[in-house]
Amino acid sequence: MRTLQPWHASMLAGLSLIVTITLAVVTWPSLVTRLFVSTPYAPHGICLLWEPGLIMLRMLMNSAIGFAYMAISISLIALVAMLRNKLPFHWTFLAFGGFILFCGITHFTDVLTLWYPYYWFDGAMRVLTAFASVLTALVIPFQVRPINDLIERARATEQSRRERDLLYKQQEEAVVRLQGALESRERDLLTLLERLRESESLFRMALRGSGTSVYFADETLCYRWVYNPPAPLQSDTMIGRSDGELFEPAMAAQLRDLKRRALSEESEQRVDVITQGSDGERVFEVRAQPAKTGLPGQIGVVGIVADITARKLLEERLSQSQRMESVGRLAGGIAHDFNNLLMVILGNLELVKDDLPLNHTSQVELQEISRAAEQAAQLTGQLLTVARRQPHSPQVTSLNAIVQGIEAVLSRIVAPLTLELKLDAAPLPIYADPQQIEQVLINLVQNARDAVNDSGTVTVLTGTQLIEVAESGSLPIGYYACLEVRDAGSGIAPDVLAKVFEPFFSTKGSRGSGLGLAICYSIISQHSGAIRLESRVDHGTTAQVLLPVSSFTIDETPIGEQRPLGRGELVLLVEDQPAVRELVTRMLRDLGYRAVKAADGIEALGLLDGADLRPDIILTDVLMPNLDGAGLVMRLRAQWPDLPVLFMSGYSDGRVSNELEDLLHSPRTARMHKPFAITLLAQSCGSCWIRRDGKACVARGT
């Protein structure tokens, strides 16, 4: 059996009301007339004594309440009409709307009865209002539980919605955090990628700048990755190919053996490979070591290829320099002692010649002895040059002037060949020892003459050359005066060309001493220059000498042949070799000087302190035991700053060269090279005594 719902009761009550009203009107026709008949009664305003304020207040308030009730009831009825299928409990809203409607009508009837006594009509409206109130009171209790259930469901729904919103919010926050983490990771990855690209770029730049190649070959010895291969090889053409497909058989065998040894011995292996190209012979160092590729069971070989041609050249130069240094030490020691002997021989010969009349029969023999001794002195000078101990007397001079000064000598050397000079228009100033540069030029021209047959030309050229890139172990950047000697002779084989600067190496057999080019090499190195030989068999040879261009003015002062005599000046002579000391003492006395002798610097200081002497000139050897010449002069100059000093030495030595160089640039200082003649001694003493311009006067012996 179906349960009676509240809205069913409301519907039945409404129908009953309509039926009742209809029956009342039908059975009681005068009811309508009675409702609006007011004759028997007085209007309600009389109860208010027709007080206008009270009448107006009651009318306004009842009208406002009536209109408000009417608006509420109409809104509820309209809401039910629009949302009847969607609005829960719409009959409850409809009943409540009817109740409010009748309540509003009763307030309007209150306004009406103020002036018209329609009390039956007012009573009827109140009956309807009571009926609607009762009906609403009957309907609402039945709706309390469903409304409560609805509210609980709404609360549960709201709680679910809140929980869902919270979950959604948490999910959104998690997504935001995840997005932030992903973006941060992405930025980190981009940064790492940028750093990796920068590192790779720097690595490639470093490899490209160093000339080093990097490669990887698999276990079959085929190249899988190559970077910066030596020219003319290309990375693309090497990938997937083996050494046998890329190189000549001999080189391929070397490289295969290198990689196999690296794999079998599991250690780094190296080999030097020599190649021939358009730019000449080059040497490459190839290294290989085993490397895992990261794949199971996959191994390979990784390695580098470096061009070590320059390093090999430097090693050869170092070896050559060490050999020359060893020979130089021996030659220097011999030449130093031999110079002192020659000094005694030549000096005494000159004194004997001066004592004899010019027409004496022994003058010829003495001249021959003197010539032989001078040749021995020249040979000693050559040995000292090889040893780099030859006294170095540089001055600002013209390279063109040096060449022109010995043009006649060079013409006699190359005869019957033709000597051709092609000199630069500029004077080409250089800071050099003119006689040493002459010696270099004579040696080079002599070699050119020996390489040419009976007809031909030897060409000497001068000019300038700019070195724009510093050469490793050689010349710095700058301008250089260039001296070249060219011939169209037989040329020099490559294996011989590598040895031509070695001391005592000669291709001339018994005709050559093997010192010519070694001397040239030593002289030019001593002048901070470079000497190079370019030659091809049957195509001639070009010898090139490069010397730094000087920025100073050329100033060459000629040395006269007079013997200026002294006027009794006191000369302190300090020399450790007794024979040389006695010889120079006699020379000084013959020249009009007084001489006080000492064997070394310590003895000289004691002699001056004991005798309370002040010498007019100091004539001292450079290298001596106990206290050398430079040390002695510095002590004496501390007491007498303007004391004239004349050094004499057979060669310079690195132990005192810096101190000696400083002294030679001081005022009233000169130097002589052993062996020297009495004329040179006279000129040097006189020049040292007279000059006060602060420049050193350098005198050269025979």
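Just the residues that are touching a residue at least 60 places away in the same chain (Cβ under 8 Å) and open to solvent by less than 40 Å² (accessible area, probe 1.4 Å), please, taken from region 576-597. The answer is Val580, Leu583, Val584, Met587, Leu588, Leu591, Tyr593. Across region 422-439, the qualifying residues are those that are open to solvent by 50 Å² or more (accessible area, probe 1.4 Å) and touching a residue at least 24 places away in the same chain (Cβ under 8 Å), and the one among them that is nearest to Asp454 (Cα to Cα) is Lys422.
Kindly check whether there is at least one residue in region 602-612 that is open to solvent by 10 Å² or more (accessible area, probe 1.4 Å) and either in contact with a Gly (Cβ under 9 Å, 6 or more places away or on another chain) or not in a helix (DSSP H, G or I) (or both). Yes, region 602-612 contains a residue that is open to solvent by 10 Å² or more (accessible area, probe 1.4 Å) and either in contact with a Gly (Cβ under 9 Å, 6 or more places away or on another chain) or not in a helix (DSSP H, G or I) (or both).
The set of residues in region 613-632 that are open to solvent by less than 10 Å² (accessible area, probe 1.4 Å) and under 19 Å from Leu681 (Cα atoms) comprises Pro615, Ile617, Ile618, Leu619, Thr620, Asp621, Val622, Gly629.
If the condition is being at pLDDT 85 or above and touching a strand residue (DSSP E or B) at 6+ places or on another chain (Cβ under 9 Å), then region 629-653 contributes Gly629, Ala630, Leu632, Val633, Leu636, Arg637, Leu643, Pro644, Val645, Leu646, Phe647, Met648. Given the criteria without any contact (Cβ under 8 Å) to a residue 60 or more places away in the chain, over 18 Å from Thr106 (Cα atoms) and in contact with a helix residue (DSSP H, G or I) (Cβ under 8 Å, 6 or more places away or on another chain), does Ile77 qualify? The answer is yes for Ile77. Of all positions in region 96-104, none carries a residue that is open to solvent by 40 Å² or more (accessible area, probe 1.4 Å), part of a helix (DSSP H, G or I) and at pLDDT 80 or above.
Of all residues in region 534-544, those being aliphatic (A, V, I, L, M) and either in a loop (DSSP other than H, G, I, E, B) or modelled with pLDDT under 85 (or both) number 1. The residue pairs whose first member lies in region 246-270 and is in contact (Cβ under 8 Å) with a residue 40 or more places away in the chain, whose second member is open to solvent by 70 Å² or more (accessible area, probe 1.4 Å), and whose beta carbons are closer than 7 Å, counting only pairs six or more residues apart or on different chains, are Ala262/Glu268; Ala262/Gln289. Scanning region 532-542 for residues that are more than 16 Å from Val458 (Cβ to Cβ) and in contact (Cβ under 8 Å) with a residue 40 or more places away in the chain gives Arg536, Val537, Asp538. Report yes if Ala448 is small (Gly, Ala, Ser), more than 23 Å from Pro548 (Cβ to Cβ) and open to solvent by less than 50 Å² (accessible area, probe 1.4 Å), otherwise no. In short, yes.
Close Cβ contacts (under 7 Å, 6 or more residues apart or on different chains) running from residues in region 409-421 that are without any contact (Cβ under 8 Å) to a residue 40 or more places away in the chain to residues that are open to solvent by 30 Å² or more (accessible area, probe 1.4 Å) and not charged (D, E, K, R) comprise Val409/Ile442; Ser411/Leu419; Ile413/Ile442; Ile413/Gln446.
Counting just the residues of region 31-68 that are modelled with pLDDT under 65 and open to solvent by 50 Å² or more (accessible area, probe 1.4 Å), which one comes out nearest to Phe108 (Cα to Cα)? Once the filter is applied, the top-ranked residue is Phe36. Of the numbered criteria (1) crowded, with 17+ Cβ neighbours inside 10 Å; (2) modelled with pLDDT of 75 or more, the one His360 fails is (1). Taking every residue in region 457-475 that is surrounded by 11 or more Cβ atoms within 10 Å (Cβ to Cβ) and pairing it with any residue that is at pLDDT below 70, at least 6 positions away or on another chain, the pairs with Cβ-Cβ distances below 7 Å are Gly473/Arg317.
Residues Glu281, Glu315: which one is assigned to a strand (DSSP E or B), of a type outside the set (A, V, I, L, M, F, W, C) and modelled with pLDDT under 85?
After applying the criteria, what remains is Glu281.
Only one residue in Leu196, Leu166 is open to solvent by 80 Å² or more (accessible area, probe 1.4 Å) and farther than 30 Å from Gly303 by Cα, so which one is that?
Checking each option against the conditions leaves just Leu166.
The values are calculated or read from the model by the stated rules, or taken from the named source; none is laboratory data. Here the structure is a predicted model, which means the values were calculated and not measured. Don't worry about glycine lacking a Cβ; one is built from the backbone with ideal geometry, like all the others, and counts go over all protein chains shown. Side chains are part of the model used for accessible areas, which takes the heavy atoms of the whole protein and leaves out ligands, DNA and RNA. Shrake-Rupley method; radii C 1.70, N 1.55, O 1.52, S 1.80 Å.
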